[in-house]
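Note sheet for the following structure.
The values are calculated or read from the model by the stated rules, or taken from the named source; none is laboratory data. For clarity, every value in this text was computed on a predicted model and none was experimentally measured. Virtual Cβ from ideal backbone geometry, glycine too; neighbours counted across all protein chains shown.
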Amino acid sequence: MVLASAADSFHVKELGMNLFVAPAHPRRNLCCAAMASLVMSTPALADGAAILSCRAVIEPAQRLACYEAIIVSPARGATPTPAPRVPAPSAAPTSADSFGLEAKNAFSSLPSTIESTIPGRFMGWGPHELITLANGQVWQVSDDSRGALVSANPKVLVRRGALGAFYLEIAGTNRSPRVRRIQ
């Protein structure tokens with residue numbers, strides 16, 4: 001074994017392989033030793049073939065049930081304790097009435113857009129303005145955008161954006177304010 005020192009690191013050359021070894025630091029060495037002992041002393045707790053078969057399941061609910069059905073052997077010296085039962089989540093509504101309320105519901109197969117109109121005369125929007133649609137939904141402008149558009153009963157399309165955002169596309173303008181559903 002040959003040790004070659006660089007500025008603040010060491011390279012170990014053994015059997016033609018170069019391995020990086022971090023410089024000695026008491027806390028880092030203690031942490032690495034603790035992690036290594038934990039990994040080395042923990043027995044295999046689940047059957048590898050069962051895990052691989054669960055990975056092949058496409059449907060999320062069925063995949064979760066597959067993983068939960070795997071029998072896990074307790075670690076040496078540990079006493080097995082029964083896992084607490086968690087009630088299954090109820091099915092989320094799939095109607096247009098729940099559109100925009102996903103923060104309160106689990107992800108589901110809700111529509112990606114909603115079409116409606118703004119009843120009456122529409123004069124535009126500003127930051128934090130409430131916009132009531134003909135279907136009864138109330139949306140609030142959540143960005144700092146402003147738009148002036150004079151229109152009677154304009155058609156609107158609320159579309160789902162990235163990262164849980166919603167945008168209000170109003171007929172007659174190419175600007176779409178970011179909105180969040182209030183009601």
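Of note:
- Taken over the range 112-144, residues that are exposed (fewer than 15 other Cβ atoms within 10 Å of the Cβ), over 23 Å from the mean Cα position of the chain (by Cα) and among the small types (Gly, Ala, Ser) amount to 4.
- Condition check for ILE182: surrounded by 14 or more Cβ atoms within 10 Å (Cβ to Cβ) and β-branched (Val, Ile, Thr): no
- Residue list for the range 56-75, filter: part of a loop (DSSP other than H, G, I, E, B), surrounded by 10 or more Cβ atoms within 10 Å (Cβ to Cβ) and modelled with pLDDT under 85: ILE70, VAL72, SER73, PRO74, ALA75
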